[in-house]
Amino acid sequence: MSSLVIYIILLAIYHNILFYDNRLGFNALLFVGPLLFFIYNALNRKEIVKNKKGFLFMIPIALISISYFIYDNYFFRKINPLVTIILFLMMYIFTIKPSDRILELLTDIVHLFFCPISYIFKFYKVQLKIDSMIKLSNITKNKVKSIFIIIPIVFIVLLLLSSADEIFNNLFNSFFSIFDCLSFDLILGRLIFGGIIFTYLGVSLYYLVIVYSKEDRKKTKPRKIDDYTIKLLLTVLNIIYVVFDFIQIRSLIFHQGLRNINYAQYARSGFFQLMFISVINIIIILIARGAKKDTSYNKNMSILMVGLTFIIIV
C-alpha cells in the first residue's frame, strides 16, 4: 500500500497543477489518462479483479475527457463530471463485484460514493503505521534534521542582511523575486485542494481493496413493485404527457400561445429536460414489465406511454 500512496501523492500534485484555478479543457484528458493507468494497475496488483471486461468503462470515460477540448457546451460541461464519476463507480462494480441486477447496481453505486468517507481515519491510521515501519539510520535522521534546521535560519539571515545593506540586497534581489508571485492564500488553497484529492483517491482505493472487495453480496430475491402502484404511476404520467403533448403540438404546429418568445427559441428550449424525461419513461416501462401482475392494462398504458414519448422525442 505504501508504493500506491506515493503514486496517489504524485497524482494529487499533478491534479493540482492541471486544475487549480483553471477551466476544464485539454487538462481533463491529461489527467484522466494517468488516472486510468493507475487504477488499472492498482486493482490488478491487489488481485481483486473478477471481470476484466469492467475496464471497458475506461473507453467512455476517456471519450468524455476528450470532449472538453473539442466543444464547449454549458450543459455538458456541468453534467459530464457527474457522469464521469458514475462511470468510474460502475467500472469498479463490474470489475470487482459484477452484477446483472439493477437494484444491486444502484445500491453499490450509492455505497461506493458515500461509504469511503467513513474510512478516512482508518486510511490515515494505516499510513501512519506504514511510516513508523520505515526505519532510517541515525546518520540519515541527523542529516534530515540538520537540513530542516539550517534552511529557515539561512533564509532569515539573508532577509536581515538584505534589508541592512543596499548592495547586498541587489545581489539577492533576483533570488527573492521568485517569491513575489506566491501568496499565503494561494499556497493554502493549493494545499487544501491537493489534500482533498489525495484523501478522496486514497480513501476510495482503501475502501475498494480492504472493504468492498471482501464483502459478500446479500442474496435477496428481487422485489417486485405492487401492481396498483404501477397502474397509478402509468395513468397519472400518461395524463400529464397527453396535456403536455397537446400544448407542444398546438404551439409548434399551429403557432398558438407563443408570447414574448420567437418560434426558434421555443422549439429549442427544454431539449435536455425532455431527453431525461424520455429516459425516465423507458425505465418506468421496464419496471412495469417486472410488476407482480403484468396485466393487459399495464401493457396498454405502457404502449400509450411509448407513443407519447415518441412525440416528446420528435
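Some observations on this one:
- Among the residues here, residue 70 qualifies as in a loop (DSSP other than H, G, I, E, B) and out of contact with any Ser or Thr (no Cβ under 9 Å at 6 or more places or on another chain).
- Screening the candidates 274, 304, 286, 233 for the property of being assigned to a helix (DSSP H, G or I), among the hydrophobic types (A, V, I, L, M, F, W, C), surrounded by 13 or more Cβ atoms within 10 Å (Cβ to Cβ) and at pLDDT below 80 yields one hit, 274.
Let's see how each residue does on (1) farther than 30 Å from residue 187 by Cβ; (2) open to solvent by less than 50 Å² (accessible area, probe 1.4 Å):
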site	(1), (2)
15	no, yes
19	no, yes
24	no, no
27	no, yes
56	yes, no
70	yes, no
76	yes, no
83	yes, no
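- For residue 267, the conditions (1) at pLDDT 65 or above; (2) not in a loop (DSSP other than H, G, I, E, B) all hold with the exception of (1).
- Annotation note: Cβ proximity below 6 Å between a residue of segment 237-252 that is open to solvent by 40 Å² or more (accessible area, probe 1.4 Å) and a residue that is modelled with pLDDT of 75 or more (sequence gap 6+ or interchain) occurs for no pair.
- Sub-7 Å Cβ pairs linking a first residue in segment 58-71 that is farther than 11 Å from residue 32 by Cβ to a second residue that is of a type in the set (Gly, Ala, Ser), at least 6 apart or interchain, are 69/25, ordered by first then second residue.
- For segment 123-142, the criterion of being at pLDDT 65 or above, open to solvent by 80 Å² or more (accessible area, probe 1.4 Å) and closer than 19 Å to residue 204 by Cβ is satisfied by at least one residue.
- Being farther than 16 Å from residue 84 by Cβ and either at pLDDT below 85 or β-branched (Val, Ile, Thr) (or both) is a description that does not apply to residue 24.
- Some residue of segment 80-91 being modelled with pLDDT under 80 and either at positive phi or not in a loop (DSSP other than H, G, I, E, B) (or both): no
- Flag: residue 248 matches the condition of being among the polar types (S, T, N, Q), more than 35 Å from the chain's Cα centre (by Cα), modelled with pLDDT under 80 and in a helix (DSSP H, G or I).
- Every condition in (1) farther than 29 Å from residue 216 by Cβ; (2) open to solvent by 50 Å² or more (accessible area, probe 1.4 Å) holds for residue 46 except the one numbered (1).
- Among (1) in a helix (DSSP H, G or I); (2) touching a helix residue (DSSP H, G or I) at 6+ places or on another chain (Cβ under 9 Å); (3) of a type outside the set (Asp, Glu) - the single one residue 49 does not satisfy: (1)
The values are calculated or read from the model by the stated rules, or taken from the named source; none is laboratory data. Values in this document were obtained by computation on a predicted structure and should not be read as measured data. Methodologically, a virtual Cβ is constructed for each residue, glycine included, from the backbone with ideal geometry; neighbour enumeration extends over all protein chains shown. For the accessible areas, the whole protein counts, side chains as well, though only heavy atoms, and no ligand, DNA or RNA atoms are used. Shrake-Rupley method; radii C 1.70, N 1.55, O 1.52, S 1.80 Å.
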